[in-house]
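Data block below; observations after.
The values are calculated or read from the model by the stated rules, or taken from the named source; none is laboratory data. From a predicted model like this one, the values you see are computed outputs, not experimental measurements. Counting neighbours? That spans all protein chains shown, and the Cβs are built from the backbone with ideal geometry, glycine included.
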Amino acid sequence: MTHTLHRVGTEESLSEDYVVLIMPSKDINHEGSGSKMRRFFEMALEAGAIKIGDARLGNEYHQGGVEKVIENVEDRAVVHAVFKQKDSLIKLLTALKEADLGLSVVVSGLFDQVGQCCRNVGLEKHTINQSLGRWGRTDKLPTQEILQLNTMCGHGMVTVGLIEEVIADVKAGRCTPEEGAERLFHPCMCGIFNPFRAARLLRETAAATTA
Amino acid sequence: MRIDSDDCSGCGQCIPYCPVGAISMDDDVSEIDFDECTECGNCLRLADCPVDAIWQQELVWPRTIRSIFSDPLTIAEESGISGRGTEEMKTNDVTGRFQFGFVGVAIEFGRPILGARFYDIEKVARAVSVLGVEYEKKNPTTSLMSDPGTGKFKSDVLPEKVLSAILEFKLDLKKLPELFAILKKVSKKIETVFSLDIATRVNPDGSIPTAPFIEAAGLWVAHNGKTNVALGRPRYLED
């Protein structure tokens, strides 16, 4: 499950996109982990998370609200929080270090920026996961603009068709980039799609194709 | 997934929700190409069909695997977690799954966008098997192999289409050049894409053990990725 790994984008765009994941390991520390993950959600929201989600039970729209996402978390869950800025990420990592919940924490984002955050907080970079890109019939893939939006849901639920429809709506003035970005968030069941970054990308793509 | 053509009003609202473009308009009603559909559930969950014409038919083997590998909310029996992979490096601080001198490799078929059929996955699995890898037992893809030693899959799953499936294994770091050479060759023989990822411990001085191998092979590597920040307890202690 590497659903946050292959986010496509420029350094500038990805500097507004960090996902923090927390999870227990089966048979090692999963018992009683549900309450720890609920605590994680509270800490993430206090630190400025723009979205939270649960890979097991679905995002806030699927579950019926942010409160439900927090309330329903189970012991074997994998939960996330999305951030648009490094300062918030540092705030959360500081709080997590202090709380010492004992569950594994993984940060997805620009390696150098995440590394800086770890140094600031005094955390170790234990293991990393690197993306070596796309192989095979890459000629069948859509444009970079579409890929940047699509890959923010690693499960591929934010479809090319929906992205194209939303871009057309933004371009035609039928919705704002922010409304379009929120619509694109809906299918991302894990709740890791970043609507703040998406709104900026939609605005840029719509402007480029109008010009 | 099915759409009842008698009930469908032809609004086309469901069409953009299909990740593999399997829904189209035919005779003014929406129709699902059943062979292309990966049973991800996206259209049923999100298209908000005004006449409730979309319905989930009973899934029977081998079509059941489409849902396991395509619907993010389906729990895989092998891993016990949702999605197609395992805990991989995410819990490496407590499991010690990937230790110094080894890399975790994940070949993610069908990602992004295209989806994949198991005959393409088998081509790569068989090619990689010459390295003597042991495919991760907890990964649901491995459970579909008839011979994990050779990367051969059960014949009835080969035509099945899924949104993504992951070949996952651990490899001696020194074998990375051989792996890259194999993947460069076999990637030309498949009809879809795969995303490649490698997981590694970070050296105590902060350097990345895989960096020289990636550079020597002339491969592109992303400036973003995942970092496990060692907050899990009890901490796995390497010898």
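Observations
- Evaluated against (1) in contact (Cβ under 8 Å) with a residue 40 or more places away in the chain; (2) at the interface with another protein chain (Cβ under 7 Å from one of its Cβ atoms); (3) within 23 Å of B:Gly206 (Cα to Cα), A:Leu123 falls short on exactly one condition, (1).
- Residue match in the range A:35-42 (condition: touching a Lys or Arg at 6+ places or on another chain (Cβ under 6 Å), crowded, with 17+ Cβ neighbours inside 10 Å and touching a residue at least 12 places away in the same chain (Cβ under 8 Å)): no
- Helices (runs of 4 or more DSSP H) (entirely within the range A:115-211) containing at least 2 residues that are out of contact with any Pro (no Cβ under 7 Å at 6 or more places or on another chain) and of a type in the set (Ser, Thr, Tyr): A:195-210
- Scanning the range B:168-185 for residues that are under 18 Å from the mean Cα position of the chain (by Cα) and either within 9 Å of chain A (Cβ to nearest Cβ) or among the hydroxyl-bearing types (Ser, Thr, Tyr) (or both) gives a single hit, B:Leu183.
- Selection status of B:Val128, away from chain A (no Cβ under 12 Å), buried (at least 22 other Cβ atoms within 10 Å of the Cβ) and over 16 Å from B:Thr64 (Cα atoms): yes
- Of all residues in the range B:41-55, at least one satisfies being without any contact (Cβ under 8 Å) to a residue 24 or more places away in the chain, surrounded by fewer than 24 Cβ atoms within 10 Å (Cβ to Cβ), within 28 Å of A:Leu21 (Cα to Cα) and within 14 Å of chain A (Cβ to nearest Cβ).
- Each residue in the range B:162-180 was checked for being part of a helix (DSSP H, G or I) and either of a type in the set (Asp, Glu) or in contact with a Pro (Cβ under 8 Å, 6 or more places away or on another chain) (or both), and 2 pass.
- Looking across the range B:204-228 at every residue that is assigned to a loop (DSSP other than H, G, I, E, B) and touching a residue at least 24 places away in the same chain (Cβ under 8 Å), the one that is nearest to B:Val20 (Cα to Cα) is identified as B:Leu219.
- A:Asn59 over 21 Å from B:Val94 (Cα atoms), touching a Gly at 6+ places or on another chain (Cβ under 8 Å) and in contact (Cβ under 8 Å) with a residue 12 or more places away in the chain: yes
- Members of the range A:79-101 that are within 9 Å of chain B (Cβ to nearest Cβ) and surrounded by 18 or more Cβ atoms within 10 Å (Cβ to Cβ): A:Leu93, A:Leu96, A:Leu101
- Set side by side, the residues A:Val19, A:Val69 differ, and just one is β-branched (Val, Ile, Thr), modelled with pLDDT of 95 or more and either under 19 Å from A:Thr151 (Cα atoms) or out of contact with any strand residue (DSSP E or B) (no Cβ under 6 Å at 6 or more places or on another chain) (or both), which is A:Val19.
- Hits in the range A:116-136 (condition: under 18 Å from A:Val8 (Cβ atoms) and either among the charged types (D, E, K, R) or in contact with a Cys (Cβ under 7 Å, 6 or more places away or on another chain) (or both)): A:Arg134
- Subset of the range B:103-125 (residues that are surrounded by fewer than 24 Cβ atoms within 10 Å (Cβ to Cβ) and basic (Lys, Arg)): B:Arg117, B:Lys123
- Some residue of the range A:47-67 being in contact with a Lys or Arg (Cβ under 6 Å, 6 or more places away or on another chain) and within 14 Å of another protein chain (Cβ to nearest Cβ): no
- Residue count for the range B:22-37, restricted to those that are surrounded by fewer than 17 Cβ atoms within 10 Å (Cβ to Cβ) and assigned to a strand (DSSP E or B): 4
- Residues of the range B:181-203 that are hydroxyl-bearing (Ser, Thr, Tyr), within 27 Å of A:Asp17 (Cβ to Cβ) and not in a loop (DSSP other than H, G, I, E, B): B:Ser195, B:Thr200.
- Annotation: B:Pro19 fulfils all but one of (1) touching a Ser or Thr at 6+ places or on another chain (Cβ under 6 Å); (2) modelled with pLDDT of 95 or more; (3) over 24 Å from B:Ile113 (Cα atoms); the unmet one is (3).
- Restricting the range B:131-167 to residues that are crowded, with 23+ Cβ neighbours inside 10 Å and of a type in the set (Ser, Thr, Tyr), the residue that is farthest from B:Ser187 (Cα to Cα): B:Thr141
- Contact annotation: no residue pair with Cβ atoms under 6 Å, 6 or more positions apart or on different chains, pairs a residue in the range A:146-168 that is more than 20 Å from A:Lys51 (Cα to Cα) with a partner that is acidic (Asp, Glu) and not in a helix (DSSP H, G or I).
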